[in-house]
């Protein structure tokens, strides 16, 4: 290079302002490139500064012909790669940080290696700490199987309220699910119902606390991670070790289990519950339970109440009123509405209306029918656990529209 001639530094953008973004940003050598900013599809992040320095904006705003490379920060890059293709971005400009083995002068390769080793070490520590519970050396709650639960519902026509990590966290005034912010009244209702002993309702608890051999390695590690750092101890203070609970994972019988054929038995039992029954679905917008599949094909009739996809509890009184008004004698009410469903089931059951919290059952059924072992995109439907698939394009379906008999807050 001749004296006075400046070396060209590539212009770089990081795509994804989530939890892995900081790792990627720190791995970028700022002396070897121009980091122009961070892009993200989440509009709530736009026009803010990441680490008080780099602007976060929409991909369309920061990515132009002057950008040489786009570094994808999430570990799952499929959705972003699809968006890049739709925007006409050249493949050679895209670097999937966690998947790419290519070397670049402006990326410190040691950053990824160190992170992955630290992550593996932390995983092993968490596994070791959880082992006494998995081996039965320390006490855990009594949780009967999903099959026993469904057979009990079929035989006795009980209602079902489920408690997973989202409900348990809200009970402690901590935020967990993105679709329901913490709410003092919701927390108190969840606590009240968790200790309910009325025979009309079954209380289900996520089967997280003992042996985890039935789960995939990834799912088991996620459970262990959640219960680490003192969370197990706090949750156990709310659990009655002398009580019999049932498995709240009844609505998640497929993806997280090693034995995939197990789901067939669970879906068959679910379908038997609503066989020849008039059902009322109370669901969040974008849920589309049973649309484009045969999950509710055996039902005598289907009606729907559509509620907000986010923070449904803020409209609770209106949702409860609509459900009471629309549920005729012997109607089976199926609710897919996050923690709000747990409370709504109870209030309906106390009025003599059978109700079940079915959670993400439809998503699980879609994945089961597709034979996938990953939480993939379901066209037109909200996949609550994936940030990329939460707000899908709306499904245009005449039958769905005809089934809607009430809308609350949407």
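The values are calculated or read from the model by the stated rules, or taken from the named source; none is laboratory data. The structure presented is a predicted model; accordingly, all values stated were derived computationally and were not measured. Cβ atoms come from the backbone with ideal geometry, glycine included; neighbour counts cover every protein chain shown.
With out of contact with any strand residue (DSSP E or B) (no Cβ under 6 Å at 6 or more places or on another chain), without any contact (Cβ under 8 Å) to a residue 40 or more places away in the chain and within 30 Å of residue 130 (Cα to Cα) as the only criterion, which of 239, 231, 266 stands out? Walk me through how you get there before you give the answer.
Details: 239 fails: without any contact (Cβ under 8 Å) to a residue 40 or more places away in the chain; 266 fails: without any contact (Cβ under 8 Å) to a residue 40 or more places away in the chain.
None of the others qualify; the one that does is 231.
Return yes when residue 351 is within 23 Å of residue 163 (Cβ to Cβ), under 22 Å from the mean Cα position of the chain (by Cα) and assigned to a loop (DSSP other than H, G, I, E, B) and no when it is not.
No: the conditions fail for residue 351.
Conditions tested, residue by residue: (1) farther than 20 Å from residue 112 by Cβ; (2) modelled with pLDDT of 95 or more; (3) out of contact with any helix residue (DSSP H, G or I) (no Cβ under 6 Å at 6 or more places or on another chain); (4) surrounded by 11 or more Cβ atoms within 10 Å (Cβ to Cβ).
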site	(1), (2), (3), (4)
44	yes, no, yes, no
56	yes, yes, no, yes
64	yes, no, yes, no
72	no, yes, no, yes
76	no, no, yes, yes
81	no, no, yes, yes
91	yes, no, yes, no
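Regarding residue 149, is this residue out of contact with any helix residue (DSSP H, G or I) (no Cβ under 9 Å at 6 or more places or on another chain) and either at pLDDT 95 or above or assigned by TED's automatic domain parsing to the domain that holds residue 212 (or both)?
Values: out of contact with any helix residue (DSSP H, G or I) (no Cβ under 9 Å at 6 or more places or on another chain): no; either at pLDDT 95 or above or assigned by TED's automatic domain parsing to the domain that holds residue 212 (or both): yes.
Criteria not met by residue 149.
Is it true that residue 396 is at pLDDT below 90 and either closer than 16 Å to residue 336 by Cα or in a strand (DSSP E or B) (or both)? Walk me through it before giving the result.
Working: at pLDDT below 90: yes; either closer than 16 Å to residue 336 by Cα or in a strand (DSSP E or B) (or both): no.
So residue 396 does not fit the description; no.
Please tell me if residue 194 is over 26 Å from residue 236 (Cβ atoms), at pLDDT 95 or above and surrounded by 12 or more Cβ atoms within 10 Å (Cβ to Cβ).
In short, no.
For residues that are part of a loop (DSSP other than H, G, I, E, B) and in contact with a strand residue (DSSP E or B) (Cβ under 8 Å, 6 or more places away or on another chain), tally how many sit in the range 101-110.
Here is the first cut: in the range 101-110, the residues part of a loop (DSSP other than H, G, I, E, B) are 101-106, 108.
Checking the rest, the ones that are also in contact with a strand residue (DSSP E or B) (Cβ under 8 Å, 6 or more places away or on another chain) come to 102, 104, 106, 108.
So the answer is 4.
Return the residues of the range 142-154 that are surrounded by 19 or more Cβ atoms within 10 Å (Cβ to Cβ) and in contact with a strand residue (DSSP E or B) (Cβ under 7 Å, 6 or more places away or on another chain); say none if nothing qualifies.
Once the filter is applied, which keeps residues that are surrounded by 19 or more Cβ atoms within 10 Å (Cβ to Cβ) and in contact with a strand residue (DSSP E or B) (Cβ under 7 Å, 6 or more places away or on another chain), the range 142-154 yields 143, 146, 149, 153.
Return the total of residues in the range 111-139 being assigned to a helix (DSSP H, G or I) and either in contact with a strand residue (DSSP E or B) (Cβ under 8 Å, 6 or more places away or on another chain) or free of Cβ contacts under 8 Å to residues at least 40 places away in the same chain (or both).
Selection size over the range 111-139: 14.
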